[in-house]
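Single-structure report; data block below.
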Amino acid sequence: MRRQTSIPDLITGILNGNRLALSRAISHVEDEQISTRSLLQGIYRHTGRAHLIGVTGAPGTGKSTLVTQLARSYRQQGQSVAVLAVDPTSPFTGGALLGDRVRMNQLSGDAGVFIRSMATRGHLGGVAAATADVLLLLDAAGFERIIVETVGVGQAEVEIASMAHTTVVVEAPGLGDEVQAIKAGVLEIADIFVVNKADRPGTERTISALEMMLEQKHGGERTLRHHGQVMIVTLPDPVPETNSWQIPVLKSVATAGEGISTLHDAIEKHHTWLHNSGMLAIREEARIVHTLEALIHTELNRRLRIAVPATMVATLVTAVRKRTIDPHEAAARMIETISNSNI
Ligand SMILES: Nc1nc2c(ncn2[C@@H]2O[C@H](COP(=O)(O)OP(=O)(O)O)[C@@H](O)[C@H]2O)c(=O)[nH]1
Ligand SMILES: [Mg+2]
């Protein structure tokens, strides 16, 4: 059984960089305990300092290997770094190949590194919302760089990647079709592309394919996805030349540590650009809108489930099917029931 620690103690612990307190707090979020809300309330004003780096891409492209190398690179420059893997297939979750374990062990035992994986199932409020809360905890604990790894396939994963300040999309050569496959969701959120496994044939072709897609892409826009809708954050028009970010297409061999310093530099350059261009505030506000929508959505769903009995839902569904009432009318009656229930 988990030892009980009071919320104020947990908050103090997190703010003092106590790893045990941080781990426990993350478990609170994962288990969706009621205490999560007061926990977040206590730490929120201490957040906003970390640079959030999203690393996403298809499974097997070498994200975890790359993230491990990046974390080492940050450590070498004296910056503290947290890694959050939101990936059921991630080596961090225990499915590690020996080499990955060895690499992770080189980082473990270092107080400036914190590595954690997140379960992707069972979050009522959605995995993206739970991840956002864990990111706040890591931020409050004082980590200067937070790297979140996700598999860029599902909508939730794309949503998580879009919460980052800097989103790195990882490709691997020979996945020509997959470049197309992930293009729709991921191209819009990429700030940096990296073609990993550059020791493999086809690297230059993949780089050209990405560069071609970038040329076709309309510049100056970055989209945030939410519930299947797309919120577009648009820069003031016309976009001043100094205000635009040129998305670089880099290459790396993560297993050999090649290309890591270039990637590190590109991430830092993007970080500086976000600050200097004013884009940081624009993106943060878009993210806050997104968070508020998600919270409201979850809360209204909860109220709906409590206030509207299943029998009423069944009756209304049947009525709609029989064309006695239309869907708008049925929805209105359910909403009215919530309003009258004083929940
Ligand atoms: N040849 C080659 N293999 C790599 C490279 N980077 C990672 N790998 C290997 O690719 C496999 C998948 O790597 P992993 O980091 O788990 O990918 P992820 O699923 O994207 O997180 C592992 O066996 C890695 O050792 C690379 O640059 N070149
Ligand atoms: Mg992985």
On the basis of being of a type outside the set (A, V, I, L, M) and at pLDDT below 90, does Gly126 make the cut?
yes
Could you grab me the full set of residues in the range 35-80 that are within 16 Å of ligand 1 (Cβ to nearest atom), open to solvent by 10 Å² or more (accessible area, probe 1.4 Å) and on the phi > 0 side of the Ramachandran plot?
Gly60, Gly62
Would you call Arg205 modelled with pLDDT of 65 or more, open to solvent by 10 Å² or more (accessible area, probe 1.4 Å), in a helix (DSSP H, G or I) and basic (Lys, Arg)?
yes
Looking only at the range 258-277, count how many residues are surrounded by fewer than 16 Cβ atoms within 10 Å (Cβ to Cβ) and in contact with a helix residue (DSSP H, G or I) (Cβ under 8 Å, 6 or more places away or on another chain).
1
Single match in Ile147, Ile160 (criterion: modelled with pLDDT of 85 or more, within 16 Å of ligand 1 (Cβ to nearest atom) and under 29 Å from Pro248 (Cα atoms))
Ile147
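The values are calculated or read from the model by the stated rules, or taken from the named source; none is laboratory data. Just so we're clear, the structure is a prediction, and the values are computed from it rather than from any experiment. FYI the Cβ positions are ideal-geometry reconstructions off the backbone, even for glycines, and counts take in every protein chain you see. Only protein heavy atoms, including side chains, enter the accessible area calculation; ligands, DNA and RNA are left aside. Shrake-Rupley method; radii C 1.70, N 1.55, O 1.52, S 1.80 Å.
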